[in-house]
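Right, one structure below, let's go through it.
The values are calculated or read from the model by the stated rules, or taken from the named source; none is laboratory data. Note that the structure is predicted; figures quoted are calculated from it, not measured. Cβ placement follows ideal geometry from the backbone for every residue including glycine, while neighbour counts extend to all protein chains displayed. For the accessible areas, the whole protein counts, side chains as well, though only heavy atoms, and no ligand, DNA or RNA atoms are used. Shrake-Rupley method; radii C 1.70, N 1.55, O 1.52, S 1.80 Å.
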Amino acid sequence: MDTTILVLNGPNLNLLGRRQPEIYGSETLADVEARCRAEAGSFGLGLAFHQSNAEHALIDWIHAYRVGSAGIVINAGAYTHTSIAILDALNTCEVPIVECHISNVHRREAFRHHSYVSLAAAAVMAGFGTHGYVLAVRHLAHLRAAAQVAVPGGSR
């Protein structure tokens, strides 16, 4: 089993820290990446961290990590509520998926209450701010450790 967690970020997250800081906070995506990398490293895991405004790029990364990685954290941005193509890609995954949203989407506009990503996710983080990413990485590390213990001869 690979020791890399994929963290994917969708449209407009490249503007994190500058776009609507009253909703999304002042941390940049680089800050989030550094925190996730440190958290993954504390469990002996690596991190691949990507952002794209293009749906096909997100799908290509999902395909690349769908088998053998330690899991996927995805904040698909607005694609969460619209992309059946991303759901289809996530449904090919043989690794755990954690959906992550900075804001509590259920306290926002009604169109944000539905998530295609949730249909493929083992867990959902919403409303924890950027700390939700760290919690999602920690959860994938926990799932990976539990899976290793369940395998005869597995180690922690």
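Odds and ends about this structure:
- Against the criterion of solvent-accessible heavy-atom surface with a 1.4 angstrom probe, Glu39, Glu94 sort, most first, into Glu94, Glu39.
- Within a Gaussian network of the chain (alpha carbon springs, distance under 10 Å), most fluctuating of Arg18, Arg144, Arg35: Arg18
- Within the accessible area of the chain, the carbon and sulfur atoms contribute 54%, probe 1.4 Å, all protein chains present.
- FRET efficiency, 1/(1 + (r/R0)^6) with R0 35 Å, evaluated for Asn14 and Ala150 via beta carbons: 0.35
- Straightening the chain between Thr92 and Leu119 buys 8.5 nm, computed as 0.36 nm per residue apart minus the Cα-Cα spacing.
- Shown in residue order for region 124-131 are the 3J(HN,Hα) couplings computed by the Karplus curve 6.51 cos²θ - 1.76 cosθ + 1.60 at θ = phi - 60°: 10, 10, 8, x, 8, x, 5, 5 Hz (x for Gly and Pro).
- Heavy-atom surface of the chain, accessible at 1.4 Å and reported per residue (Å²): 47 Å²
- Placed amide H near Gln51: partners under 5 Å, 5+ positions off or other chain: Asn9
- Taking 0.36 nm per residue of separation and subtracting the current Cα-Cα distance, fully stretching the chain between His56 and His142 would add 28.0 nm.
- Rounded to the nearest whole angstrom, the semi-axes of the ellipsoid equivalent to region 1-77, taken from the Cα gyration tensor as √(5λ), stand at 23, 17, 7, largest first.
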